[in-house]
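Here the structure comes first, spelled out in structure tokens, and everything after it is commentary.
The values are calculated or read from the model by the stated rules, or taken from the named source; none is laboratory data. These numbers were taken from a predicted model, which means no experiment stands behind them. We place every Cβ from the backbone using ideal geometry, glycine too, and count neighbours over all the protein chains shown. All accessible areas refer to the heavy atoms of the entire protein, side chains included, with ligands and DNA or RNA removed. Shrake-Rupley method; radii C 1.70, N 1.55, O 1.52, S 1.80 Å.
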Amino acid sequence: MAAHAPKTARVIDLRSATVMPGLIDCHTHIMARMPDTDDGYLLALATKSQAFRALEGAFNARLTLRAGFTTVRDVENEGSGYADVALRDVIEQGLAEGPRMQVATRAIAAVGQYHPFGVSPDLKDFPTGAQMISGVEEARRAVREQIGHGADLIKVYADWETPTLTVEEMRVIVEEAHKLNRKVAAHASTAEGIRNAVNAGVDSIEHGHHADQKDLELMKEKGVYLVPTVGGVDAMFARRADQLTPKQRRDWEAWLEGIRQSVQQAKVLGVKIASGYDAGNAERQGKNADELVSLTKRGLSTIEAIRAATTTAAELLGWQDRVGAIETGKYADLIAVEGDPLKDITVLREVKFVMKGGVVVRDAFHEQDAN
């Protein structure tokens with residue numbers, strides 16, 4: 001291969017490292033640095049301008065890329081309008097440093113069933129975390145608007161604490177999105193919400209923490225992906241563990257065990273599992289590899305977890321011809337780590353080398369930085 005390289009090519013010696021394809025996160029919120037308090041989301045919408053949110057997103061994108069995630073599927077920008085479209089485009093133009101992005105823009109939720117909660121009804125124009133709809137025609141219009149403004153995929157909230165959008169509303173959303181070659185990701189955690197979303201024709205279930213046997217069998221039958229976001233769950237538990245009462249701890253542990261069983265059942269049934277960390281606050285941005293560690297705690301082998309963030313993730317994005325593997329014709333998106341991630345998946349938390357599209361972004365092995 002060296003014989004075909006141009007004379008000006010730079011040789012990078014990574015013989016002491018493990019070289020892999022750039023990683024893919026299928027559930028990011030790049031625009032989100034929400035304070036981790038009960039009213040943090042509301043305060044963020046009330047106090048941060050769209051311009052400020054865009055700059056936060058650029059900072060998060062840089063962290064994510066330097067963590068070895070060269071591609072992301074950003075499943076909703078949490079009330080920042082269409083700032084994610086702008087961020088995607090400036091990254092593509094080389095004006096900002098970040099991963100390749102597919103963006104879902106505003107997402108679609110049932111009226112009153114997504115953040116922010118507790119806002120005075122007198123504040124008619126207070127920003128919302130998603131585009132709120134009621135009825136099939138509002139659902140149809142929301143899809144058309146979001147795609148018209150640059151959405152690469154559509155995100156729906158099939159449930160919150162209980163099912164929210166109807167099957168009919170989601171079916172129209174899927175119909176409109178698929179007509180324009182966009183996939184639909186569904187936030188769904190309740191068994192009924194998952195079933196409703198799958199029956200409506202969505203392409204992926206995000207979270208799926210209470211998926212039962214029937215849900216998972218239906219997902220397998222229809223080829224629906226599961227993005228379990230278990231790393232986010234583990235981070236939330238770790239943050240709150242010291243504050244829990246004995247009963248609360250037992251409830252949390254029972255919930256975590258239910259998630260573990262659900263992910264294992266999905267694996268046994270052959271449901272395709274893709275990695276997505278669900279970072280939504282400042283502390284978790286750039287720690288996307290925690291999701292791979294958490295997947296192995298739920299019964300995936302290290303190679304299965306790596307595939308969830310490479311080949312399987314690329315298939316979910318519909319970009320298997322571009323990313324997810326080191327092959328002729330695909331982008332030169334590469335990372336390198338010390339050690340063997342097949343033996344110790346945690347080494348992916350310390351990526352030392354990142355190349356995106358043939359351009360070195362980070363090279364800690366040679367004590368230099370592309371910037």
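Among the residues making up the stretch 109-119, those that are out of contact with any helix residue (DSSP H, G or I) (no Cβ under 8 Å at 6 or more places or on another chain), open to solvent by less than 50 Å² (accessible area, probe 1.4 Å) and assigned to a loop (DSSP other than H, G, I, E, B) are 112, 114. The residues of the stretch 164-204 that are in contact with a strand residue (DSSP E or B) (Cβ under 6 Å, 6 or more places away or on another chain) and surrounded by fewer than 18 Cβ atoms within 10 Å (Cβ to Cβ) amount to a single one, 192. On the stretch given as the stretch 257-279, residues that are closer than 12 Å to residue 235 by Cβ and surrounded by fewer than 22 Cβ atoms within 10 Å (Cβ to Cβ) total 0. Report yes if some residue within the stretch 90-107 is open to solvent by 60 Å² or more (accessible area, probe 1.4 Å), closer than 22 Å to residue 27 by Cβ and of a type outside the set (A, V, I, L, M, F, W, C); otherwise report no. Scanning the stretch 90-107, I find at least one residue that is open to solvent by 60 Å² or more (accessible area, probe 1.4 Å), closer than 22 Å to residue 27 by Cβ and of a type outside the set (A, V, I, L, M, F, W, C), so the answer is yes.
Results for (1) out of contact with any His (no Cβ under 7 Å at 6 or more places or on another chain); (2) in contact (Cβ under 8 Å) with a residue 60 or more places away in the chain; (3) buried (at least 24 other Cβ atoms within 10 Å of the Cβ); (4) among the β-branched types (Val, Ile, Thr), shown as yes or no for each residue.
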site	(1), (2), (3), (4)
45	yes, yes, no, no
54	yes, no, no, no
62	yes, no, no, no
84	yes, no, yes, no
127	yes, yes, no, no
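Close contacts from the stretch 235-256, counting a first residue that is open to solvent by 50 Å² or more (accessible area, probe 1.4 Å) and a second that is of a type outside the set (Val, Ile, Thr) and at pLDDT 95 or above, with Cβ to Cβ under 8 Å and a gap of 6+ residues or different chains, come to 255/209. Suppose the filter is within 21 Å of residue 310 (Cβ to Cβ) and within 18 Å of the chain's Cα centre (by Cα); does residue 74 pass it? When the stated conditions are applied, residue 74 passes them. Among the residues that make up the stretch 290-306, is at least one of them within 27 Å of residue 15 (Cα to Cα), among the β-branched types (Val, Ile, Thr) and more than 20 Å from the chain's Cα centre (by Cα)? No; the residues of the stretch 290-306 include none that is within 27 Å of residue 15 (Cα to Cα), among the β-branched types (Val, Ile, Thr) and more than 20 Å from the chain's Cα centre (by Cα). Every condition in (1) under 14 Å from residue 157 (Cα atoms); (2) surrounded by fewer than 22 Cβ atoms within 10 Å (Cβ to Cβ); (3) in contact with a His (Cβ under 8 Å, 6 or more places away or on another chain) holds for residue 207 except the one numbered (2).
Which one is farthest from residue 161 (Cα to Cα), of the residues in the stretch 172-181 that are free of Cβ contacts under 8 Å to residues at least 40 places away in the same chain and assigned to a helix (DSSP H, G or I)?
Taking the candidates together, the pick is 179.
Among the residues of the stretch 295-341, the one identified as under 21 Å from residue 205 (Cα atoms), touching a Leu at 6+ places or on another chain (Cβ under 8 Å) and surrounded by fewer than 21 Cβ atoms within 10 Å (Cβ to Cβ) is 304. The set of residues in the stretch 140-157 that are more than 17 Å from the chain's Cα centre (by Cα) and either assigned to a strand (DSSP E or B) or crowded, with 21+ Cβ neighbours inside 10 Å (or both) comprises 142, 143, 146. All but one of (1) of a type in the set (Ser, Thr, Tyr); (2) under 22 Å from the mean Cα position of the chain (by Cα); (3) open to solvent by 30 Å² or more (accessible area, probe 1.4 Å) hold for residue 134; which doesn't? Every listed condition holds for residue 134 apart from (2).
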